[in-house]
Every structure is written in structure tokens, then in C-alpha cells.
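Each value in this text was obtained by applying a stated rule to the coordinates, not by laboratory testing. It should be emphasised that the depicted structure is a prediction, and the values quoted were computed from it without experimental measurement. Positions of Cβ are generated from backbone atoms using ideal geometry, with glycine treated the same way; all protein chains shown enter the neighbour counts.
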Amino acid sequence: PIHCELYHSFRADKPYYEALSYAWGDTSDTVPISINGTWSSVAKNLFKALKHIRDDFIDIRLWVNTRCINQDNDTKKSEQVGQIRDIYSDAANTIV
């Protein structure tokens, strides 16, 4: 299983992270992962990407749009989508 921790950071603090860019695919085809100890469903394409890039020995700080952009609040979502170019530019690496 995949276990993740979700935490808040401020871009002004220049945190180190990598950004994941992937095709969402069929969002109704989901797989469970653990986020902060709670099981959550993610699209199978995201699960496959996480499984491919994970490392059992090294923690990876990863920005994933479906988890890092508030999908339930249209105002916040619009604000955050407007920052995507900067988010990808500030990432140490972008994984496609």
C-alpha cells in the first residue's frame, strides 16, 4: 500500500518539492491510499505514478494537483490553478 502525508507549506518559504504531472484518466476507476493515516481513493493513474516513483528508503516531497489544490472550493481552486505555472517552475523537478 501507499502511505502519504499531506501538509501545508508556503511558497514564500521556498520548500523543496517535486511536482507530478500526469493524465488524470478515468477518475471513477480508483484505488485506496493512506493519507495522514486515513484511507482515501485516488485515480488509478495517480496510484500507478506514485507506485512508480516511490522509494522505500527516501521520503519524497511531492506536489500533486488533485491533492494539493482544493477541489471542493471553487474560489480557492481558481486561485490555486492561477498559480500552477509558478508551482511547476519552483519545483526542484517535474515528473511527467
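Things to note:
- Radius, Kirkwood style, for segment 3-95 when every pair of distinct Cα atoms is counted (Å): 14.2
- Spatially proximal aspartates and glutamates relative to Lys48 (Cα-Cα < 19 Å; intrachain offsets below 8 disregarded): Glu5, Glu18, Asp26, Asp29, Asp56, Asp59
- Antiparallel bridge percentage (DSSP; both residues within the chain; nearest 5): 45
- Burial ranking of peptide ranges 26-32, 70-76 (average Cβ count within 10 Å, highest at the top): 26-32, 70-76
- Other residues with beta-carbon under 10 Å from the beta-carbon of Pro15 carry, at +1 per Lys or Arg and -1 per Asp or Glu, a net charge of +1.
- Neighbours of Ile69 by Cβ distance under 9 Å: Lys/Arg scored +1, Asp/Glu scored -1, total +3.
- Note on Lys14 and Arg85: the extension gain reaches 24.1 nm, defined as 0.36 nm multiplied by sequence separation minus the Cα-Cα distance.
- Available extension along the chain between Ile2 and Ile35 is 11.0 nm, counting 0.36 nm per residue and deducting the alpha carbon span.
- From least to most packed, judged by other beta carbons within 10 angstrom and beginning with the fewest, Ser89, Ser21 follow the order Ser89, Ser21.
- Couplings 3J(HN,Hα) of segment 14-28, computed from phi: 6, x, 7, 7, 10, 10, 10, 10, 8, 7, 4, x, 6, 6, 8 Hz, in residue order, whole Hz [Karplus 6.51 cos²θ - 1.76 cosθ + 1.60, θ = phi - 60°; x for Gly and Pro].
- The length gained by stretching the chain between Asn70 and Phe57 to full extension, at 0.36 nm per residue less their Cα-Cα distance, is 1.8 nm.
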